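Note sheet for the following structure.
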Amino acid sequence: MKPKVLVVRKVFPQVLERLGEYFELEVNDTEHPWTAEELAARLPGKVGVYLMPTNRIDAAALEAGTELRVVANMSVGFNNIDVPACTARGVLCTNTPDVLTETTADFGFALMLAAARRLSESERFLREGRWGNWSFDVMMGREVHRSTLGILGMGRIGQAIARRAAHGFDMQVLYHNRSRLPAETEAALKARYVSKEELLRESDHLMLVVPYSAETHHTIGATELALMKRSATLTNIARGGVVDDAALAEALRERRIAAAGLDVFEGEPHVHPALLDLPNAVLTPHIASATMRTRIAMAQLAADNLIAGLGFGPRAGQPLSPLNPEVLQRA
Ligand code: DGY
């Protein structure tokens, strides 16, 4: 009998087929994520979970999934997993880094450009038949090239954005991060480390790429927004909750900052209603990594991690991207 694995949302058929070679699968093939209770009800007897950002594995879920050994997240962000609780119970957790870095950086750049150059607003203006004639002052936006980009969170994606900014758009790049990059990496990226306050004050465009955690909850709120230039834009491709969306909506409404590009929201798919009415907010449904090639790569990496983590396949016992490798050493 094959070991039993839970797949919390639909995924590419070829990935299910690969998982099916090793495991008996229970798949949520509806359009709706399971609630915490629905997930818990399905966890008994499962040794693995193929997880997506719509579901959480926390202490309560682990109470139900007493046989659980591996949680493989199809996402680089892993704020939907209580990793310490998993580690305490010897449950291996994995995520999908690297494969989405460049695609996500492309999208962050697109969103920043869209916010700065009023892309959504201009398109609505045209489609609604409000375009009278060409005029010198129609839909004037903010410069991106040769302006100052501030990056909060300088991991892989932050660095990929810095490369685009410095080498493609001749921007001055400032960054703030928990830890400073080595001098040679800073030099290659042409990026300068500054305090968070300097980042907020000096950036023409602020890009958020910081992981979500209790420490980064509302890391941008009313106080931080008040430090930014009135002409600045803010782009969030990190996670909902990093920004206080109510405070941001207020700052955008009062034009205390110029514009925002937001791919992630507090409590998504719910979006703060005040954001929906704002012309100077470009809003997208958490799609920064959504290209066919990248989503397939993420899905396959999550599957490979699950298979290897449960001791099968060519990398048995050696998943590519463990979040708590100490669990492997204990096994
Ligand atoms: C990620 O991988 O973290 C993306 O945001 C998709 O959830």
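The values are calculated or read from the model by the stated rules, or taken from the named source; none is laboratory data. From a predicted model like this one, the values you see are computed outputs, not experimental measurements. Neighbour counts are summed over all protein chains in view; Cβ atoms, including those assigned to glycine, are modelled from backbone coordinates with ideal geometry. Accessible surface areas use protein heavy atoms only, side chains included; no ligands, DNA or RNA. Shrake-Rupley method; radii C 1.70, N 1.55, O 1.52, S 1.80 Å.
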Query raised in the report: What does the stretch 101-283 give for Rg and for Dmax, in Å, if only its C-alpha atoms count?
Result: 15.9, 53
**Report entry** Added length on full extension, which subtracts the Cα-Cα distance from 0.36 nm per residue, Arg230 to Arg89
**Finding:** 45.9 nm
**Report entry** Area of Asp170 that stays accessible when all protein chains are in place (1.4 Å probe, Å², to 10)
**Finding:** 90 Å²
Query raised in the report: In the chain, which whole DSSP H runs stretch at least 20 Å along their own axis (Cα) and average -1.0 or higher on the Kyte-Doolittle scale?
Result: 101-116, 292-309
Query raised in the report: What's the extension gain from Ser213 to Gln329 if we count 0.36 nm per residue and subtract their Cα-Cα distance?
Result: 39.2 nm
Query raised in the report: Which FRET efficiency value, to the nearest 0.05, is calculated for Asn280 and Glu31 with the Förster distance at 35 angstrom and r the Cβ-Cβ distance?
Result: 0.65
Query raised in the report: How many nm is it between the label spots at Lys190 and Arg253, if each spot is 7 Å from the Cα in line with the beta carbon?
Result: 4.0 nm
Query raised in the report: Rounded to the nearest whole Å³, what is the per residue volume of the convex hull around the Cα atoms of the stretch 37-177?
Result: 150 Å³
Report task. Just add up the charged neighbours of Glu268: K/R +1, D/E -1, any other residue whose Cβ is under 15 Å from the Cβ of Glu268. Result -> -1
Query - Anchor Lys2: lysines whose Cα lies under 27 Å away (excluding residues fewer than 8 positions away in-chain) - result: Lys10, Lys46
**Report entry** Proximal lysines relative to Lys229, as straight alpha-carbon distance under 17 Å, when same-chain residues fewer than 8 apart are discounted
**Finding:** Lys196
Query raised in the report: Can you give the three extents of the C-alpha atoms in the chain along their principal axes, from longest to shortest, in whole Å?
Result: 72, 49, 34
Report summary line: Stretched fully, the stretch from Glu38 through Met139 gains (0.36 nm per residue minus C-alpha distance, one decimal, in nm) 31.5 nm
